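Below is one structure; the comments refer to it alone.
FYI, it's all coordinate maths here, none of it is from the lab. The structure presented is a predicted model; accordingly, all values stated were derived computationally and were not measured. For neighbour counting, all protein chains shown are included, and Cβ atoms are generated from backbone atoms with ideal geometry for every residue, glycine included.
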Ligand code: MG
């Protein structure tokens, strides 16, 4: 009887072992990809979109943080109070459901955008902070984004000791150009983008001049009059469309609670 009992136990143990999934799938998700080689080549033929072998931008520690108050002629999109009247949900146009407290808007479910949807050329100031509690990796850590004309993303990400594909790190022209340097602050700290944007121009349905962007990340130049190849997208670059000539400012929901505050914009004209 004793031998039979042992045999049954051994059989049960074998069956249970065979049914158990590998330990890694039950304890934590697999690491997020840090690059792709199966994506299209970018138009200049140098790198794939999201190429993980592209050099990582040099880390540059920025100077002390300075919160730039809006100049007198700026349109305040997000001020120190609870006022979200300049914003709406991107889908459906309803009231913004993201939580806000003391002028800090935390990204929630669904993209949001400004109600104003005919911005063209402008100076845009944005302050943001990725979560102080570090969760996830690569594109899964502190991901959001600032969408220019609703179509061209300047990436928001926790890029402090967080490897990802260079054209997807913080302040990248997403999927197109990495920042010239990585000027990220640690998670939880306030950071700033100052973005100078000139909208694309069209003659009829044909692109005449692509859009041009200059970006400061924490006061450090990371794009110097750089040109988008088209609207930004994941694993591809979309073609220009005449609708890109104007648009709203958008903020992305990527499943991570990124805080925003002190957002203002100054539409700019050409010299007389
Ligand atoms: Mg993003």
Relative contact order of region 117-248 (C-alpha contacts under 8 Å, at least 6 apart) in percent is 27
Calculate how steeply helix 2-19 sits against the longest principal axis of the alpha-carbon atoms of the chain, using the helix alpha-carbon long axis, and give the answer as 0 to 90 degrees to the nearest 10.
10
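How much length, in nm to one decimal, is gained on full extension between residue 269 and residue 59, taken as 0.36 nm per residue of separation minus their Cα-Cα distance? Before the final figure, lay out each step's value.
Values: separation 210, 0.36 × 210 = 75.60 nm, distance 3.43 nm.
Taking residue 269 through residue 59 to full extension adds about 72.2 nm, to one decimal.
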How high is the relative contact order of the chain, in percent, counting Cα pairs under 8 Å that sit 6 or more residues apart?
26
I'd like the distance between the alpha-carbon centres of region 151-207 and region 47-75, rounded to an integer number of Å.
7
Can you compute the helix-only [θ] at 222 nm over the chain? Use -39500 (n - 2.57) per DSSP H run of at least 4 residues, normalise by all residues, nearest 500 deg cm²/dmol.
-2500 deg cm²/dmol
What ranking do 128-140, 35-47, 210-222 get when scored by the average of other Cβ atoms within 10 Å per residue, highest first?
210-222, 128-140, 35-47
May I ask you to compute the full-extension gain from residue 37 to residue 82, defined as 0.36 nm times their residue separation minus their alpha-carbon distance, rounded to one decimal in nm?
11.8 nm
